[in-house]
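A quick write-up on the structure given underneath.
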Amino acid sequence: MRAHSLWIVSLITMLAASTDAVAQKATYATGSDQQDSAGQPSGIAYLASGQWRQPLVKDPPSQAGNGQYAQPGQAPQPNPYQPMMMTGGMMPQPGMGYPGMMPQQGMMPYGAAPAGYTQPAAPMQDPNVAPASYHNGACATCGGHGCDTCRGSGCSCCGNGCNGCCGLLGGGQYCGFSRGIGNAWDLSEYGGRCAPRFFDVSAEATIFRLEGNVPDRAFASRGILGPIVLDSNQLNFDAEGGMRITGNWLCFAGSTLEVSYVGIGNWGSSAAAVGAGDLYSPLSNFGSDPFGGFAESDQANYAALSLSNRFDSVEINLKRGWTGAGCWFQGSWWGGFRYFRLSERSDYITLAGASAMSYNVDTDNDMYGVQLGGDLTTRLTTRLSLTGFLECGLYGNRGVQHTTILLNDTGTLASVIEEASANRASMVTEGGFYGNFKLTPHAAIKLGYQVVYVDGVALAVDNYNFTTGLGTAPAALAGRAITVDDNGSALYHGATAGLEVVW
């Protein structure tokens, strides 16, 4: 009997110990924010959920009480988050108080609420703005009001508190542009960080320079076969203003139809040489064939060369957008149709006493073709983004040159008119980068730099024909071969500035 009783006591002791061990097996953590391994998601699921991006928020200190262990020297206290059990293990029902609890004046019984009572709504808070106590648990320099413009990296932004944000990247966080125009990190007003960069109409001024379209050709020498005093390298083009207008229409989700025009700019340059009856032209091979040259173009006192250039472009593209992981990068690719027209006019003039010559060349290039392109945009801040783009197209070009030569030999007038055309493939490549800064949710300023390169076109200086035959002018110009040189190229580059509007 004694042995049987001892065996029962031992069994009860073992069960109690095992129960306590099971109760403590739930976690080996010492902090209340750590969870059981059984309740933890897998590492892949955790990364996919995006919870790793959220700051760790500590739970309030746990209260020792029912089901918890009291700290050393502390008596167990009731858990305010868990209803106490009544005698016999029964949970308190609505309207019932706790055992031994004295009802207070004006206090409703547990589980009962006055009619019409609703829990007050928690105030909405920008998830991108940290509370005042976020920075090291204190925010004395902000007066306890928070640092909306510093995005929680600190009330000590630049060391000067909330009002001390010091520039675009001040204090390690963006705060410069947010002053006076709202929180630069507040994405809600702009459709969120993943909203695509979109506009309905864009108008820009362009300031381009013209390079590389003038081949090296000589137009006047001083003396027979003497040093060259006038050539095409003396033509230098200044920057000229133009414009670009672009419109976007949303076709379907993620795709837009874009129509754009760029042009209007007109580049011009001229150069001249002055002599004393000793200027000779390339028509006579600088006075050597025929010897002494022609009366209208050689032994001249004055020779001048001028050139003007203009291009106009219209394109229609269907664009398809995409957004990268995290939404900090987005872009688009497109394909479409483009018409590009490039025109030049050049005049070569000589004055030789009572005789003179005016040699004019006009060239036109009409290019029709298809192109492909793409762009990439990165958000530097909510309102500021940087975009790079590139597009290239293959075109069928009809190049035409029209020549008019007017001769005046001491009052005897004559003219020579020539025209030729050719068809060939040509290319237009355009690229650049620009930044956008949103002034409002509906308007943004745009600043950038752009390059337009054209290859396989007829240019005016290339199409001067200095071949002559026997005799004097105009007979020396009759019967020569009439051709068009369409192997030229032109490069335009410069700054752009404008406004984008969306409604």
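The values are calculated or read from the model by the stated rules, or taken from the named source; none is laboratory data. Fair warning: this is a prediction, and the values are worked out from it, not measured in the lab. Positions of Cβ are backbone-derived with ideal geometry, glycine not excepted, and every protein chain shown enters the neighbour counts. With ligands, DNA and RNA removed, areas are computed over all heavy atoms of the protein, side chains included. Shrake-Rupley method; radii C 1.70, N 1.55, O 1.52, S 1.80 Å.
What shape does the stretch 354-403 have by the C-alpha gyration tensor, where a ≥ b ≥ c are the square roots of the eigenvalues, rounded means a/c under 1.5, and otherwise prolate means a/b greater than b/c and oblate the rest?
Numbers: a/c = 8.84, a/b = 2.43, b/c = 3.65.
Since a/c reaches 1.5 but b/c is at least a/b, the shape of the stretch 354-403 is classed as oblate.
Along the three principal axes, how long is the stretch 441-503 when you take its alpha carbons, biggest first, rounded to the nearest angstrom?
74, 18, 18
For the stretch 363-458, what is the convex hull (Cα atoms) projected area averaged across all directions, in square nanometres?
Values: hull surface 41.3 nm².
Seen from a random direction, the Cα hull of the stretch 363-458 projects 10.3 nm² on average.
Kindly identify the stretch 190-328 as rounded, prolate or oblate by the Cα gyration tensor criterion: order the square roots of the eigenvalues as a ≥ b ≥ c, call it rounded if a/c is under 1.5, otherwise compare a/b with b/c, prolate if a/b is larger, else oblate. Walk me through the numbers on the way to the answer.
Numbers: a/c = 4.39, a/b = 4.32, b/c = 1.02.
Verdict is prolate for the stretch 190-328.
If you split all Cα-Cα distances of the stretch 201-501 into 20 Å bins from zero, what percentages do you get per bin, shortest first?
Pairs per bin, as whole percents: 30, 44, 21, 5.
I want the local charge near Gly263. Using Cβ-Cβ distances under 10 Å, sum +1 for each Lys or Arg and -1 for each Asp or Glu among the other residues.
Numbers: positive: Arg244, Arg310, Arg341; negative: Asp312.
Taking every other residue near Gly263 into account, the sum is +2.
What does DSSP give for the stretch 322-363 in terms of the percent of beta bridges that are antiparallel, rounded to the nearest 5?
On the way: 11 of 11 bridges.
So the antiparallel bridges in the stretch 322-363 amount to around 100 percent.
Tell me which residues come under 5 Å, amide H to amide H, from Asp278 once H is placed; ignore anything under 5 positions away on its chain.
Ala300
At 1.4 Å probe radius, can you tell me the per residue accessible area of the stretch 201-501 in Å²? Walk me through the numbers on the way to the answer.
On the way: 12680 Å² over 301 residues.
On a per-residue basis, the stretch 201-501 sits at 42 Å².
Once the other residues with Cβ under 9 Å from the Cβ of Phe340 are scored (Lys, Arg +1; Asp, Glu -1), what is the net sum?
-1
For the stretch 201-501, give the percent of accessible area contributed by carbon and sulfur heavy atoms, probe 1.4 Å, rounded to a whole number. Intermediate results must be reported in sequence, preceding the final value.
Numbers: 7900 of 12680 Å².
Carbon and sulfur: 62 percent of the exposed surface of the stretch 201-501.
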